[in-house]
Structures are given as structure tokens and as C-alpha cells.
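The values are calculated or read from the model by the stated rules, or taken from the named source; none is laboratory data. Since the model is a prediction, treat every value here as computed from it, not as a measurement. Counting neighbours? That spans all protein chains shown, and the Cβs are built from the backbone with ideal geometry, glycine included. Please note that ligands, DNA and RNA were not included when accessible areas were found on the heavy atoms of the full protein model with its side chains. Shrake-Rupley method; radii C 1.70, N 1.55, O 1.52, S 1.80 Å.
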Amino acid sequence: MRIDVFSIFPEMFEGPFSTSIIKRARERDLVDIRTYNIRDWAIDKHQLTDDTPYGGGGGMVMKPEPLFAAVEDVRGEDVCPVILLTPQGRVLTQAVAAELAARPRLMLLCGRYEGVDERVREHLATDEISIGDYVLSGGELAAMVVVDAVVRLLPGALGFEGSAVEDSHATGLLEGAHYTRPPLFREWPVPEILISGHHARIVAWRRQQALLRTLERRPDLLATAPLTAKERQWLRAQGYEGPFAEAV
Ligand code: 9D3
């Protein structure tokens, strides 16, 4: 997969894209990530990438010409999603990450200031993504979140960190507790079941813990999680009164 990222602060990406899973995925050639400075396509002598908004109101808006020139140059004859990171986009979920991970090439555009000229949305971007309902200072951190969520889904990207199919958001549930040595830390023991060696019972206990934690913290997830009839019945007994999706 190839990912091109456009920003006026490309140096922001250095640490996250050179560390841990993304670093290893790049070394294994699972992903070719390139960052570009939009300013390199600015035409005027001051290399301006922003300007004042028509109609007034203060703040600055990203100019369309450098963004169009940068994307068109780098894209060449290729057709690929051009994703604008914006608070107005569809919200990133695991399903969106999986959809993007299936594409051979992505382009990510990071806005700054109050936003980008509307013609970028209308005629350059093919998709708009937000990472949630809070205000960031620009699209860069959002682009890093998108890249991280996508790259770890690429086959071969995860090593002993575990399998992406067992991720809490792949089961549709939150995960239960995790423990490691020592078996007794201060006066707090590891649950006896985990030390018992009864693998089938441990699997069942973990599933129950995941269901309980989801019920306590994110009951909204139970509406769409794949659950067996027994699990639904058990959740009802625990007091869950919300909806369930189709049975599995
Ligand atoms: C005054 C209105 N603001 C909208 C809430 C303007 C504004 C604030 C922050 C416009 C852009 C930004 C910068 N944020 C992003 O570019 C951004 C973002 C975000 O702020 N939250 C969640 N996801 C994203 S993706 C890009």
C-alpha cells in the first residue's frame, strides 16, 4: 500500500511514522508512506499557503492552488481516494479503517487555520474524515491516527503485539482485564481462574469479562456486537435492556 500525506508541517510525522508498528511495516515494505510539504507547491515569492477569507470574519483559509498542484503532481495518472482530514468529515471507526486498508493507495490532506477553500472539498477531495468530536489544531494528528489504524490492519504488520482479528473493536466489545506476573502484587492477586490452566474455562471467563466491561462502560456497543443467543440472555439477566443486532 502507498500513503501520501500533504501538510505544511511534515516534520510532525517523523516520530510516529518511524516508531514501532508503522516503522516495521515500512521496513517490511508493507507500506510506502511519503510526506510532502504543501509549501513546496506554493507559487508566490513568499510561498503562501493561506489567505484571508472572502466576506471577512477573520482567521485564515488554505489556498486551493498549492493543494491542487501538490496532489495532481504526486498522483500522476493514478486514481485514488483523496481524503481531507476535517472536523466535518465522517467519523473514523474500525470499519472505516478496514475499508481504507483494502485500498492500494491513499492520499491524506491535512488542513490548518479555519479550514481549506471549499473548492478543495468539492473538486479535489473524494472523502472527508474526522477522528471525533473535539477540536484539534489541524489535520496532522488526525492523519497520524488514520495511518496508524490502517497500517496495523495490513497483513503482516502485527507481530507478537497480537492479531488484529482479536482486537476489542474487531469483536465489537471492549476487552476485559489483562494480568501478568507477579501473581500477587502488594495485596492484589491475579484472578485464580487465569492461573488454573483450564484453557476452555479461561476463554469463557474472558468473554464474560468483556461482556461485563462493555455493559458497564459502552452499552451502546452491545447493540451491534456479534453475540450468541446465550450471551444476549445472560446480558438481559445482568440488566441490559437495550437493543441487539441480528443473531450470529
Ligand atoms: C470555529 C470552528 N472550528 C470548527 C470546530 C474551526 C476549526 C477548528 C479546528 C477548523 C479546523 C480545525 C482543525 N481540525 C482539524 O483540521 C481536524 C479535526 C479536528 O479538529 N477534530 C477531529 N478530527 C479532525 S480531522 C481534522
Out of the residues in the stretch 152-194 that are among the hydroxyl-bearing types (Ser, Thr, Tyr) and modelled with pLDDT of 90 or more, state the one that is farthest from ALA204 (Cα to Cα).
THR180
Residue selected from the stretch 119-139 under the condition near the ligand (Cβ under 8 Å from one of its atoms) and among the hydroxyl-bearing types (Ser, Thr, Tyr), by the criterion least open to solvent (accessible area, probe 1.4 Å)
SER130
Filtering the stretch 91-110 down to residues that are within 10 Å of the ligand (Cβ to nearest atom) and farther than 15 Å from THR35 by Cβ yields VAL91, LEU92
Counted residues, the stretch 64-90 - those being within 16 Å of the ligand (Cβ to nearest atom) and in contact (Cβ under 8 Å) with a residue 60 or more places away in the chain
3
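Looking only at the stretch 11-50, which residues are assigned to a loop (DSSP other than H, G, I, E, B) and over 25 Å from LEU158 (Cα atoms)? It would help to see each step written out before you state the result.
Going residue by residue through the stretch 11-50, those that are assigned to a loop (DSSP other than H, G, I, E, B) are 18-19, 28-31, 42-49.
Hits for the stretch 11-50 are ALA42, ILE43, ASP44, LYS45, HIS46, GLN47, LEU48, THR49.
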Any chance you could count how many residues in the stretch 207-247 are open to solvent by 60 Å² or more (accessible area, probe 1.4 Å) and farther than 15 Å from GLY172 by Cβ?
10
Of the conditions (1) surrounded by fewer than 18 Cβ atoms within 10 Å (Cβ to Cβ); (2) within 26 Å of ARG103 (Cα to Cα); (3) in contact with a Lys or Arg (Cβ under 9 Å, 6 or more places away or on another chain), ASP51 satisfies every one except a single condition; which number is it?
(2)
Check off (1) surrounded by fewer than 20 Cβ atoms within 10 Å (Cβ to Cβ); (2) part of a helix (DSSP H, G or I) for ALA142 and give me the number that stays unchecked.
(1)
